[in-house]
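The values are calculated or read from the model by the stated rules, or taken from the named source; none is laboratory data. Given the structure is predicted, the values throughout are model-derived calculations rather than measurements. Neighbour counts are summed over all protein chains in view; Cβ atoms, including those assigned to glycine, are modelled from backbone coordinates with ideal geometry. What goes into the accessible areas is simple: the full protein's heavy atoms, side chains included, and nothing from ligands, DNA or RNA. Shrake-Rupley method; radii C 1.70, N 1.55, O 1.52, S 1.80 Å.
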Amino acid sequence: MGDLFRKYLNAVMVIILVVFTFALLLANLRKDSSTDILERAAVAIVAPFQNLAGWTVGKVFAVWDSYLYLVNVKDENQRLRLAVDRLAFENTLLTERFKSYQRIEELLAFPRLDTLPFEAARVIGRDTTGRVRMIFLNKGSAHGVARDMPALTHRGLVGRVTLVSATACKVLLITDVRSAVDAVAQESRDAMVASGANRDTLEARYLLANAQVAEGERVLSSGLGGVYPKGLLIGALTGIRREDDSLFVEARIRPTADLDRIEETLILKAAPQEAIAPEEWR
Amino acid sequence: MRIVFWLVALLLVFVAQTTAYHLFPWLPVMPDLALALALFAGLRWGAAGGLRFGAAVGLFQDLLLSGTLGFGFFSKAATGFTVGWLRERYLTDWALSRAIMAAAATLADLMIFDALIKGLYGLEFAENPVTLALWRIPLNVAAVLALLPLLEAADRKLAAHSAWRNEEMPTLE
């Protein structure tokens, strides 16, 4: 019996591997709490080390950047960049609000993104294999962060929180193939779905053939879909292609947030329903 | 003790995997260090050890990164098992054979991910996995060739320690 088992050991192992894989894939479909606990545990274990690694590297580079490499220029550049980022963000909000007021004069009801509670978080890790697009942030449930909260920078939308441990969280970037944001073009108001494609740009799906979109037009979240509040800047349209026999316009969206290089991000600490709740509107 | 050591190694590999972009910001992707671990396990501990350690590596990768269980688990366990099986029969310790293994494993890893994401989510991976593999292979091969001697040296030191000699991990030496 033992000899027989040893003879077919490799075949048995392959069968066990396939069965376990199948079981795990089924667990994804059910997505029960036990797998969630394991995921949270994995993030909780790794996050302190990621924090430490990021802190160490940050300190080393800070010494180089601040003391050895153009002290004043570096500081000034950083101040100016922050100012530009903030102005770009304010500009997006104001433009969007102005257009909305023009369309619906009676309805002075827009989410005041600038008054909603934000939690600033530092990026402590990211997937670097390119198979998934996600980042780790150093804020978790202890800081009031919860699943499905949007993450953004002054330049635009980054993604949404998909997993939270006590002191860290995982954010699925909008460029991930599993991400889809209901969106609208800022000028033409044409609706679309901004879908991630594991590339640097997103796909603008379901953009109707009669859409009046233009190259470079900004794309904002529409507030539909239940995750992202209305008015968050996603990116700018690029590569618009119209074909005579197609129902849809082909286009891509270049994210305005530099998703490959973000170091800090803001987590919008309000559930989507809260973000667009009447009492938050003006 | 040996298991604890390799679990710590696994943890450190994933910390390095997710934070190394600080050091190499010009690289669009980093080498898949988990793949190097799975390859090492197969080369060092044969098919059974490769399967076990590869499965652990892949499961941790799934839990930590993708959040979709099964993708990394299957890919890394299959890599560990296949490399171990080949090592028991055909493979030598030449760098060339290791480089070929790393290249083949990279391609297989991407194809498995592509097939599973299509099958499970009905989603298309952005690019053809073969095209993707063409520029990921050199990175992974370089990482494997650099990392394997370090892992083997660590394993030899562990094996040399008398207290760890009686553990169950099979070794080819």
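Couple of notes before you dig in:
- Filter pass, residue B:16 being under 15 Å from the mean Cα position of the chain (by Cα) and either surrounded by 24 or more Cβ atoms within 10 Å (Cβ to Cβ) or under 23 Å from residue A:13 (Cβ atoms) (or both): no
- One residue stands out in the range A:223-271 among those that are polar (S, T, N, Q) and over 20 Å from residue A:197 (Cα atoms): the one that is modelled with the highest pLDDT, namely A:265.
- Any hit, the range A:205-213, residues being under 21 Å from residue A:153 (Cβ atoms) and assigned to a loop (DSSP other than H, G, I, E, B): no
- Entry remark, the range B:56-72: residues being at the interface with another protein chain (Cβ under 7 Å from one of its Cβ atoms), open to solvent by less than 20 Å² (accessible area, probe 1.4 Å) and assigned to a helix (DSSP H, G or I) number 4 in total.
- Number of residues in the range B:143-168 that are at pLDDT 85 or above and open to solvent by 60 Å² or more (accessible area, probe 1.4 Å) equals 4.
- Close pairs (9 angstrom Cβ cut-off, 6 or more residues apart or separate chains): over 18 Å from residue A:261 (Cβ atoms) in the range A:191-204, hydroxyl-bearing (Ser, Thr, Tyr) and assigned to a loop (DSSP other than H, G, I, E, B) anywhere: A:191/A:206; A:191/A:222; A:192/A:206; A:192/A:222; A:193/A:206; A:194/A:179; A:195/A:179; A:197/A:175
- Scan of the range A:137-180 for residues that are acidic (Asp, Glu) and open to solvent by 10 Å² or more (accessible area, probe 1.4 Å), ordered by number: A:148
- Residues located in the range B:88-113, provided they are open to solvent by less than 50 Å² (accessible area, probe 1.4 Å), touching a residue at least 24 places away in the same chain (Cβ under 8 Å) and assigned to a helix (DSSP H, G or I): B:98, B:99, B:101, B:102, B:103, B:105, B:106, B:108, B:109, B:110, B:112, B:113
- Residue match in the range B:26-45 (condition: within 27 Å of residue B:94 (Cβ to Cβ), buried (at least 21 other Cβ atoms within 10 Å of the Cβ), more than 9 Å from chain A (Cβ to nearest Cβ) and without any contact (Cβ under 8 Å) to a residue 60 or more places away in the chain): yes
- Of the helices (runs of 4 or more DSSP H) entirely within the range A:1-69, those holding at least 1 residues that are at pLDDT 85 or above occupy A:9-30, A:33-63.
- Any strands (runs of 3 or more DSSP E) falling wholly within the range A:116-168 and containing at least 1 residues that are under 11 Å from the mean Cα position of the chain (by Cα), under 19 Å from residue A:231 (Cα atoms) and touching a residue at least 24 places away in the same chain (Cβ under 8 Å): A:150-153, A:156-164
- Conditions (1) facing chain A (nearest Cβ under 9 Å); (2) open to solvent by 10 Å² or more (accessible area, probe 1.4 Å); (3) out of contact with any Ser or Thr (no Cβ under 8 Å at 6 or more places or on another chain); (4) not in a helix (DSSP H, G or I): number failed by residue B:119: (4)
- Among the numbered conditions (1) modelled with pLDDT under 75; (2) buried (at least 18 other Cβ atoms within 10 Å of the Cβ); (3) closer than 25 Å to residue A:195 by Cβ, the only one that residue A:110 does not meet is (3).
- In the range A:39-57, the residues that are open to solvent by 70 Å² or more (accessible area, probe 1.4 Å) and within 14 Å of residue B:61 (Cα to Cα): A:40, A:45
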